[in-house]
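The values are calculated or read from the model by the stated rules, or taken from the named source; none is laboratory data. Source: prediction; values computed, not measured. With ideal geometry, Cβ positions are generated from the backbone for all residues, glycine too; neighbour counts draw on all protein chains shown. The area values use the complete protein model at the heavy-atom level, side chains included, leaving out ligands, DNA and RNA. Shrake-Rupley method; radii C 1.70, N 1.55, O 1.52, S 1.80 Å.
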Amino acid sequence: MTEPLTGAQILCRTLLEQGVDLMFGYPGGAIMPFYHALPEYPGLRHVLVRHEQAAAHAADGYARATGRAGVCVATSGPGATNLVTGLATAHMDSTPVVAITGQVSRAMLGRDAFQETDIIGITQPITKHSVLVEDVEGLADAVREALAVAVEGRPGPVLVDVPKDVQQAKADWRGGGAAGRRAGAVLPPLAEAVRMLAEAERPLIMAGHGVILSGAYEELRRLAERTGIPVITTLLGISGFPESHPLHLGMPGMHGEVHVNRAIQQADLILGVGLRFDDRVTGNLAAFARGAKVIHVELDPSEIGKNVATDVGLVGDAREILRALLGEIAPRDCEAWRAEIAGFVRPRHDGFRGDLSPESILGAIDGASGGHCTIVSDVGQHQMWVAKLYPYRRPNTHITSGGLGTMGFAVPAAMGAALARPDEPVWAISGDGGFQMNMQEIATMVQERIPVKMAVFNNGYLGMVRQWQQFFHGRRYSATPIWSPDYVRLAEAYGIFGRRVESGADVDGAVRDAIAHPGPALVEFLIEQEANVFPMIPPGASLSEPIEGEPAAPRLVPA
Ligand SMILES: Cc1ncc(C[n+]2csc(CCOP(=O)(O)OP(=O)(O)O)c2C)c(N)n1
């Protein structure tokens, strides 16, 4: 005979059974039974965040760093709605996040009870699956299913909404065994793709997040080396292929390098692996890679042909499909094509004056950690500099919000990544705008001893929006100058390491001291205020129309 457990205990026990040992959350009325049970399960570490948005981002950062589901917990109403941005971020970037929310008791549902919101309805378009648990007997299986659905196939967020009285009701707990694995899918026929890859004269590989999600690093590298086909990595594909590899070209799209975009426009074949051909990658779709046939390797069949006309769609796990392609493809080289692309390369100029440049800061971070660190970037100009300038060598060491472009992501996501990777420095790199969106999480880092190293690229502006205003809105800097507190004193208030860097000479020392300091650290870099990210494809333009330097005269384009 087993003693019945409360729903709250069943929740905890099932999470443990499924291998969950960490969660990020915030308590409140409707989730109190869960928090009451939690101390009985010391195997479940709970990190108390300072805002539920941060719980979702931290779970996301943990999930991206480990490939396992990240778990966040919130109460009903405002607690649950505060998770929304984090769930949408995870949804857009296909990361496995499981949110557990308290809900008002069943008898109160639909009565606009205190702190009742229809979180299932609100999150339906931004979750892979969501469920209101209507009785305690179904709770354990709902949690098991949520954790399984989040990671299987194309990963994504799942929400489990648990009414308070379901948490209090009792039921027998039956073990369900550890999460199972689905049998391998049948591989699609490859002959056509193999023939196209053998015959193309100007082929390219475009690698997206799917390479990282499926762990296809080796297969991608071997396929590139076997064929000599150059590799482009999208924003979320970065660190799926070593930056220093001779076959690596760089990032495509709106802020992609000129030679990368030009190669796309001249290509006769694009092998897209685990990406959705997002509009920031393609620019004006009608003018995208007009001369190229497209092979699209993608786990989610609904992505094939969604944005870009596809000649051959290969549906399945990127790693398995690349491995199968490797088994069939004959060695070749694309020397003439690569030489042609080399001729497209332009000298890099990001227009930085002075010696305190993103390049020097990122070089210092790389140097001081011997390349052994994880970079979590926020959203804006600094995100593009980090994507373009950091010399990623190791797989899955670049984490950023790509699809939703969520400012405020970096600091909490870095907490999740830091707990997943205790043996290396994890840097959150933010602008002064995005940093102020979630800097309250420094308190979480202090309380929970999470040693995130934070770099703020302070330019006194919402830089990326200011850049658009400069280029396309006649330099009208409306609502983009942004004041910051004194970050050194802020660090002091939290009792953490703080440093302000105003000249290039101090960059190395500050970065080294921040890493050497055992706890969280905050380094503010006073970078040039009106530097721009180049090149830039204007919104709506094709990849063939980059802006490569300061525009002579401001021009106005429709938003
Ligand atoms: C939550 C959210 N609000 C607004 C935006 C629009 N946006 C994109 S970049 C940007 C400016 C970012 O400024 P900052 O954080 O200082 O970074 P910088 O561009 O200066 O590097 C803004 C406002 C966004 N992406 N996310």
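Below is a table of values for the structure above.
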{"read-out": "Among beta bridges that DSSP assigns inside the range 421-559, antiparallel share in %, nearest 5", "value": "15 percent"}
{"read-out": "Cα centroid separation, the range 9-26 to the range 408-469 (Å)", "value": "26 Å"}
{"read-out": "Relative contact order, percent, the chain [alpha-carbon distance under 8 Å, six or more residues apart]", "value": "14 percent"}
{"read-out": "Relative contact order computed over the range 414-499 (Cα-Cα under 8 Å; 6+ residues apart), in percent", "value": "27 percent"}
{"read-out": "Sulfur and carbon atoms: percent of accessible area, the range 273-400 [1.4 Å]", "value": "49 percent"}
{"read-out": "For the range 245-336, projected area of the alpha-carbon convex hull averaged over all directions, nm²", "value": "6.5 nm²"}
{"read-out": "Counting all C-alpha pairs of the range 270-381, share separated by more than 21 Å (%)", "value": "63 percent"}
{"read-out": "List L197, L213, L236, ordered by accessible area with a 1.4 Å probe, largest first", "value": "L213, L236, L197"}
{"read-out": "Charge dipole (the range 128-258, unit charges on Cβ, about Cα centre) - positive-most of T234, H248, L139", "value": "H248"}
{"read-out": "Convex hull volume per residue in cubic angstrom - Cα atoms of the range 64-205", "value": "146 Å³"}
{"read-out": "Distribution of pairwise C-alpha distances over the range 29-108, 5 Å bins, in %", "value": "3, 16, 24, 24, 18, 11, 3, 1, 0"}
{"read-out": "From phi via Karplus (6.51, -1.76, 1.60), per-residue ³J(HN,Hα) for the range 400-411 in Hz, x at Gly/Pro", "value": "7, 8, x, x, 8, x, 8, 4, x, 6, 4, 4"}
{"read-out": "Portion, in percent, of the accessible area of the range 417-461 that falls on carbon or sulfur, probe 1.4 Å", "value": "47 percent"}
{"read-out": "Accessible-area ranking of S542, S478, S244, largest first, probe 1.4 Å", "value": "S244, S478, S542"}
{"read-out": "Positive minus negative residues near L190 (Lys, Arg vs Asp, Glu; Cβ under 12 Å)", "value": "-1"}
{"read-out": "Cα-based Rg and Dmax for the range 395-482, where Dmax is the largest Cα-Cα distance (Å)", "value": "15.0, 48"}
{"read-out": "CD proxy at 222 nm, helix term only [per DSSP H run n ≥ 4: -39500 (n - 2.57); per residue of the chain; nearest 500]", "value": "-10000 deg cm²/dmol"}
{"read-out": "Derived scalar couplings ³J(HN,Hα) [the range 154-162; Karplus, 6.51 cos²θ - 1.76 cosθ + 1.60; whole Hz; x for Gly, Pro]", "value": "6, x, x, x, 9, 10, 10, 9, 10"}
{"read-out": "Accessible area of the range 26-71 belonging to carbon and sulfur atoms, whole % at 1.4 Å probe", "value": "60 percent"}
{"read-out": "The range 194-260: Cα Rg divided by the 2.2 N^0.38 Å rule of thumb", "value": "1.06"}
{"read-out": "Of every Cα-Cα pair in the range 1-143, the percent that sits beyond 19 Å", "value": "49 percent"}
{"read-out": "Share of alpha-carbon pairs per 5 Å distance bin for the range 453-557, given as whole %", "value": "2, 11, 18, 17, 13, 12, 10, 9, 6, 2, 0"}
{"read-out": "Geometric extent, Cα atoms of the range 179-328 - Rg, Dmax (angstrom)", "value": "14.1, 46"}
{"read-out": "Antiparallel DSSP beta bridges within the chain, percent to nearest 5", "value": "5 percent"}
{"read-out": "Within the range 459-559: Cβ-based charge dipole about Cα centre, in debye rounded to nearest 20 (Lys, Arg +1; Asp, Glu -1)", "value": "360 debye"}
{"read-out": "Per-selection metrics, the range 499-555 (Cα): Rg and Dmax in Å", "value": "17.9, 49"}
{"read-out": "Lys pairs under 26 Å by Cα in the chain, provided they are eight or more residues apart or on distinct chains", "value": "4"}
{"read-out": "Order of exposure, largest accessible area first, which applies to H245, H129 with probe 1.4 Å", "value": "H129, H245"}
{"read-out": "With DNA, RNA and ligands ignored, accessible area of H248 (1.4 Å probe; Å², nearest 10)", "value": "20 Å²"}
{"read-out": "Compactness index (Cα Rg / 2.2 N^0.38 Å), the range 1-59", "value": "1.17"}
{"read-out": "The chain: mean projected area of Cα convex hull, nm²", "value": "26.2 nm²"}
{"read-out": "The range 110-192 - Rg over Rh from alpha carbon coordinates, Kirkwood radius", "value": "1.11"}
{"read-out": "Projected area, mean over directions - the range 373-436, Cα convex hull, nm²", "value": "4.1 nm²"}
{"read-out": "FRET efficiency, 1/(1 + (r/R0)^6) with R0 45 Å, evaluated for E528 and E199 via beta carbons", "value": "0.40"}
